[in-house]
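Here the structure is laid out as structure tokens; the discussion comes afterwards.
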Amino acid sequence: MKLAFLGLGDIGALMAAHLVRDPFDVTVWNRTSSKADRFASEHKARVAPTPAAAVKDADVIITCLPSSIEVEAVLHGENGMLKALRKGAVLIDCTSGDPPTSRSIAAELRQRGVDFIDAPVSGGTTAAKAGSLTVMWGGEAAVFERVRPVIEAFGKKIVHAGPVGSGDALKAVNNALLAVHILSTAEGLAVLVKAGVDPKVALEVINASSGRSNSSENLIPQRVLTRAFPRTFRLALLDKDIGIASVLAEDLDARTPVISLAAKRFHEAREMLGEEADHVEAVKMVEQENGIEIR
């Protein structure tokens, strides 16, 4: 099976590394060509100079890009994929995209005899390296069955969310909850620090009680208390994801004031901390506003 993989970022490169083995014949492309060259030097893969060249003979195309904006650019831009896609091919978009754009792309590709699945992933670099990502996909079951071996190469928990766009919707809401948990845990701990409670003691109680979350059990102890803040998932991308969830709620006339407020707060954190900050560093905004440090 001939594959094209476009987007060798922190997650994409790790995913692609699971595909460079039989029965897959892999061609890669990346906007920063040096990343593609480095990947090919370390793995059994060819490098394409353009998106069009990458996909011209591919049975399956995987895109893993920052947002749907980049997917559309790679599809429609100069030397883009659109006219080079082979009839009968399947495009698996592992970007954390937005549902309306995915539905629009799917409709356009359908007219050319190309199938589309939106399949964003969750689990971060650790799961990507292990090949155990959670994959939430939207599309037709018959199309998925044709590409199941590809997705199973990097995914462990693979869930059909519904029609095209459903995977993107589920990923956006999941990440909106992540953002809410980070902020709410930071705010709660800020109150406790001001009240004279050691945050380590507070987390010991919270994590044995009903207020616990992945943020309180893992992210805060491993990153905030240690002040390590490894760069595993950019705050800017989480800002994008919770923005998608907020707009989706508005489009569906769903009342979600907590998610809307968290979207506003994460945008403020992005402006304060910059484009390269890790998502957990949003805690620094809460600390600064309260004149404390959680450690």
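The values are calculated or read from the model by the stated rules, or taken from the named source; none is laboratory data. A quick note: this is a predicted structure, and the numbers were derived from the prediction, not measured. Note that each Cβ is placed from the backbone with ideal geometry, even for glycine, and that neighbours are counted across all protein chains shown. Side chains are part of the model used for accessible areas, which takes the heavy atoms of the whole protein and leaves out ligands, DNA and RNA. Shrake-Rupley method; radii C 1.70, N 1.55, O 1.52, S 1.80 Å.
Things worth noting here:
- Flag if Ala176 is under 25 Å from Thr95 (Cβ atoms) and under 22 Å from the mean Cα position of the chain (by Cα): yes
- Residues of the range 256-272 classified as more than 20 Å from the chain's Cα centre (by Cα), over 21 Å from Gly165 (Cβ atoms) and free of Cβ contacts under 8 Å to residues at least 60 places away in the same chain, total: 5
- Close Cβ contacts (under 7 Å, 6 or more residues apart or on different chains) running from residues in the range 172-194 that are over 16 Å from Ala245 (Cα atoms) and at pLDDT 95 or above to residues that are open to solvent by 40 Å² or more (accessible area, probe 1.4 Å) and not in a helix (DSSP H, G or I) are absent.
- Hits in the range 197-223 - residues which are over 15 Å from Glu187 (Cα atoms), surrounded by 15 or more Cβ atoms within 10 Å (Cβ to Cβ) and either of a type in the set (Ser, Thr, Tyr) or within 21 Å of the chain's Cα centre (by Cα) (or both): Arg223
- Selected residue (only one of Gly123, Gly131 is open to solvent by 10 Å² or more (accessible area, probe 1.4 Å) and over 12 Å from the mean Cα position of the chain (by Cα)): Gly131
- Filter result (among the basic types (Lys, Arg) and either at positive phi or surrounded by fewer than 20 Cβ atoms within 10 Å (Cβ to Cβ) (or both)) within the range 224-249: Arg227, Arg231
- Residue check for Phe229: among the aromatic types (Phe, Trp, Tyr), in a helix (DSSP H, G or I) and modelled with pLDDT of 95 or more: no
- Flag for Lys284 being more than 22 Å from the chain's Cα centre (by Cα) and open to solvent by 50 Å² or more (accessible area, probe 1.4 Å): yes
- Only one of Asp10, Asp93, Asp57, Asp37 that is acidic (Asp, Glu) and in contact (Cβ under 8 Å) with a residue 60 or more places away in the chain: Asp10
- Of residues in the range 78-120 being among the charged types (D, E, K, R) and over 18 Å from Lys171 (Cα atoms), the one surrounded by the most Cβ atoms within 10 Å (Cβ to Cβ): Asp115
- Any chance Leu252 is under 17 Å from the mean Cα position of the chain (by Cα) and at pLDDT 95 or above: no
- Of the residues making up the range 117-161, those that are at positive phi and at pLDDT below 95 are Gly123, Gly124.
- Only one entry of Thr63, Thr32 meets the criterion of being touching a Leu at 6+ places or on another chain (Cβ under 9 Å), loosely packed, with under 15 Cβ neighbours inside 10 Å and β-branched (Val, Ile, Thr), and that entry is Thr32.
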